[in-house]
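K.L.:
To start, I am sharing the structure in question, which I have written as structure tokens.
Read-outs: derived from the displayed coordinates by stated rules, not from any lab. Keep in mind that this is a model prediction, so the values were computed, not measured. All Cβ positions, glycine included, derive from the backbone under ideal geometry; neighbour counts span all protein chains shown.
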Amino acid sequence: MLECRSNNYRSLVFSDDLISFTVKIKETDLFIRAEKNLLPEATACVLNCRRDLEKYISIDPEFAVSLSPHLVPNWAPEIAKRMAKAASKAGVGPMAAVAGAISEFVGRHLLKYSTEVIVENGGDIFAFTLRSIKIGIFAGDSPFSNKIALKLNAIGRPLGICTSAGTIGHSLSFGKADAAVIVAENSTLADAVATATGNRVKSPSDIKDALEFALGIEGVIGALIIIGEHLGAKGDIEIEKI
């Protein structure tokens with residue numbers, strides 16, 4: 001079981017047979033599980049992703065600061081184009097998808113060497129496994145924090161599981177959700193939609209509309225929102241008690 005945005009999620013005991021390793025380069029801090037240690041391959045991919053983004057931002061600095069969808073040219077690097085596309089669907093700036101995008105690019109690259117891969121980047125997860133997985137939810141001071149998990153069927157298909165919070169963490173959010181968790185077809189999209197969904201939650205009365213917003217975006221599989229003692233969920237996800 002992986003745990004989103006908890007201080008101790010990387011010390012959890014796993015019951016499967018995957019190997020764990022980490023890659024940390026500047027702001028990028030990945031926790032990876034695969035069938036074997038793929039540290040050189042993962043490190044090279046992170047460096048390539050960061051190089052492509054940093055070079056592009058030097059030419060198009062608005063890409064890094066825009067809080068609304070930002071068009072990019074056809075010659076932009078693939079990671080920038082995917083971030084911009086996901087952000088456009090969610091109605092946010094492209095950097096809202098950066099952590100999920102790096103998780104996805106590294107995860108897909110490592111699938112060349114391992115049939116199962118899980119990449120976590122600050123609570124934003126790319127997963128491709130041959131088994132169901134459980135993702136524990138950390139939601140700050142909410143009574144649901146560390147008490148529930150999402151059980152997901154990730155068998156044979158990639159999934160992105162990303163969390164935005166207005167009460168914890170360093171990521172920019174205009175909402176007050178303790179956790180807005182999005183499950184999507186890829187983690188780039190999940191990251192952008194998590195930000196957009198979390199921005200919409202200022203009080204418990206916003207949960208229903210925020211869930212409908214998230215599930216209205218093509219590629220989103222499910223969503224869960226926690227604010228204090230209130231929880232709402234929608235889509236093809238299963239919630240379990242821990």
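K.L.:
Relative contact order of the range 2-241, please, whole-number percent, based on alpha carbon pairs below 8 angstrom and at least 6 residues apart.
P.N.:
Details: 578 pairs, mean separation 39.9, N = 240.
About 17 percent, as a whole number.
K.L.:
Quickly work out the GLU218-to-LEU47 label distance, labels modelled 7 Å from Cα along the C-beta direction, and quote it in nm with one decimal.
P.N.:
3.8 nm
K.L.:
Students often forget the sequence filter, so: which aspartates and glutamates lie under 12 Å Cα-Cα from LYS112 once same-chain residues fewer than 8 apart are removed?
P.N.:
GLU35, GLU41
K.L.:
For a test of the definition: using alpha carbon positions, the gyration tensor, and the 1.5 limit on a/c, classify the range 23-98 as rounded, prolate or oblate.
P.N.:
Judged from the Cα gyration tensor, the range 23-98 comes out prolate (a/c at least 1.5, a/b above b/c).
K.L.:
Also, quick follow-up: Taking 19 Å as the cut-off for C-alpha to C-alpha distance, list the pairs among LYS26/LYS55; LYS81/LYS208; LYS55/LYS89; LYS134/LYS202; LYS24/LYS81; LYS36/LYS81 that go past it.
P.N.:
LYS81/LYS208; LYS55/LYS89; LYS134/LYS202; LYS24/LYS81; LYS36/LYS81
K.L.:
Still on this model: With only alpha-carbon atoms in the gyration tensor, what are the semi-axes of the equivalent ellipsoid for the range 2-241, in Å, largest first?
P.N.:
The answer is 25, 23, 15 Å, longest axis first.
K.L.:
For ASP141 and ASP209, calculate 0.36 nm times their separation in residues minus their Cα-Cα distance, and state this gained length in nm to one decimal.
P.N.:
Computed gain between ASP141 and ASP209 is 22.2 nm.
K.L.:
Quick one: which of 130-138, 176-184, 157-165 comes out on top by average Cβ neighbours within 10 Å, and what's the full order, highest first?
P.N.:
Packing proxy ranking, top to bottom: 176-184, 157-165, 130-138.
K.L.:
For the range 36-63 and the range 101-130, what is the centre-to-centre distance using only Cα atoms, to the nearest Å?
P.N.:
15 Å
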